[in-house]
Amino acid sequence: MRGGLRVWTAASVALVLLSGCTTDPADRAPAPAPTEAPMPLGVVDPAVPPSALPPEPPCDPRASLRPEGALPAPGRMLAGSTMDKILARGRLIAGVDQNNYLFGFRDPFTGRLEGFDIDLVREVARAIFGDPERVQYVVVTQEQRLTAVNGQVDLVANSMTITCARRELVEFSTNYLDSGQRVLVPETSTVTGIQDLGGKRVCAAASTTSIQAIIDAPSKPVAVSAVDWTDCLVLLQQGNVDAISTTDNVLAGLAAQDPTTKIVGPRFSDEPHGLAFARGATDFVRFVNGVFDRLRASGGWMRVYDRWLKATLGPVAAPPPARYRG
């Protein structure tokens with residue numbers, strides 16, 4: 001059948017070519033007019049400042065809850081604890097991204113979720129069950145990250161910046177990645193940083209600290225919000241925005257997807273990253289911080305970093321140190 005199909009196709013092509021040679025050009029249908037590429041859904045231009053966060057209170061955003069003693073053996077969680085309830089359920093439920101390349105994305109060849117954040121979630125599952133695959137992933141948007149822990153998921157691992165305002169709504173783990181906001185532009189752009197983008201459209205995902213930072217930039221760029229980071233990349237490729245600005249770890253994933261872009265300028269914000277939990281799940285926060293302490297000490301954190309980020313963000317000497325407040 002395949003051989004017959006090839007012969008039929010070749011004959012059809014020859015017939016079309018022959019017909020094209022004998023048709024009067026005046027009889028040909030006019031070429032369709034070019035159409036404008038559709039915009040991604042949910043784009044707001046100009047963006048409005050995030051409204052879900054209360055005013056920023058004073059705090060040390062990197063300070064989390066101290067682990068309580070040694071970690072229990074997998075499968076032997078303290079009776080009545082949050083971890084014991086997760087163990088009895090048989091799976092950890094994690095809110096993650098599936099469009100943040102290098103952090104939380106779906107591998108097109110295997111269909112599995114992969115990335116830096118996903119590997120951290122698997123380590124938490126390993127500590128509870130002894131099996132890193134005992135995870136149910138729930139995809140959450142940037143806008144849902146602060147509410148999903150209130151009954152929908154056990155934790156959120158979605159490249160989230162720890163802020164004092166967000167600490168009023170959720171609890172955070174210790175800082176697992178130091179980052180900062182930079183700018184992504186086409187490789188032909190002469191922009192060297194946020195200071196060159198006055199009056200220019202700059203995209204970030206809605207309900208992120210990045211949107212507010214663009215709005216607050218002294219150069220006065222025009223902030224444009226999209227539902228997801230990949231939507232920002234589409235807008236940049238279409239020429240509907242001049243740049244994307246967010247943490248350099250997210251930009252690294254976008255740049256890896258489109259080699260005709262480049263990251264420019266120094267960091268103009270300080271953005272520690274943490275896993276988010278419900279405010280009442282303090283025992284689970286302490287447990288996960290113990291898992292992270294063990295990863296730092298064993299070299300596990302460095303292996304995860306080197307696997308996902310070393311090629312794009314460069315090598316680092318050590319993981320971010322843990323800081324505790326009680």
Quick tally, 1.4 Å probe accessible area for 216, 228, 242, sorted with the most first, runs 216, 242, 228
Could you order 187, 271 so the one with the most accessible surface comes first? Probe is 1.4 Å. 187, 271
How about the range 163-247: which chymotrypsin sites (Phe, Trp or Tyr not before Pro) there lie in a loop by DSSP and see at most 16 other Cβ atoms within 10 Å? none
When each pair of different Cα atoms in the range 166-290 is counted once in the 1/r mean, what is the Kirkwood radius in angstroms, to one decimal? 15.3 Å
As an exercise, use a Förster radius of 45 Å and the Cβ-Cβ distance of residue 257 and residue 88 to find the FRET efficiency, rounded to the nearest 0.05. 0.65
R0 of 22 Å, Cβ-Cβ distance residue 73-residue 298: FRET efficiency to nearest 0.05: 0.85
Given the options 225, 189, 159, state which has the largest fluctuation in a GNM of the chain using a 10 Å cut-off (strictly under) for Cα springs. 189
Solvent-accessible area per residue, Å², over the range 212-326 with all protein chains present [probe radius 1.4 Å]: 41 Å²
State, in angstrom, two size descriptors of the chain derived from its alpha carbons: Rg to one decimal place and Dmax to the nearest whole number. 24.2, 86
Result for the range 42-115: accessible area per residue, probe 1.4 angstrom, in square angstrom, of 56 Å²
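What is the sum of charges around residue 231, taking Lys and Arg as +1, Asp and Glu as -1, for the other residues whose C-beta is under 15 Å from the C-beta of residue 231?
For residues surrounding residue 231, the net value is -4.
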Could you rank 166, 279 by how accessible they are, 1.4 Å probe, largest area first? 279, 166
Can you give me the span-like helices of the chain, meaning DSSP H runs with 15 Å or more of Cα extent along the axis and Kyte-Doolittle mean at or above 1.0? 2-22
Only Cα pairs under 8 Å and at least 6 apart count here; give the relative contact order of the chain as a rounded whole percent. 25 percent
With a 1.4 Å probe and all protein chains left in place, how much of the accessible area of the range 132-237 comes from carbon and sulfur atoms, in whole percent? 48 percent
Cross-link reach list, lysines versus residue 262, counting only Cα pairs under 22 Å and skipping chain neighbours closer than eight places: 200, 220, 310
Computing the accessible area with a 1.4 Å probe over protein heavy atoms, can you report the carbon and sulfur percentage for the range 265-326? 54 percent
In Hz, Karplus ³J(HN,Hα) per residue of the range 156-163 (6.51, -1.76, 1.60; θ = phi - 60°; x = Gly, Pro): 10, 10, 9, 6, 9, 6, 7, 10
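The values are calculated or read from the model by the stated rules, or taken from the named source; none is laboratory data. Given the structure is predicted, the values throughout are model-derived calculations rather than measurements. Reconstructed Cβ throughout: ideal geometry from the backbone, glycine too, with neighbour counts over all protein chains shown. For accessibility, only protein heavy atoms count, side chains too; no ligands or nucleic acids. Shrake-Rupley method; radii C 1.70, N 1.55, O 1.52, S 1.80 Å.
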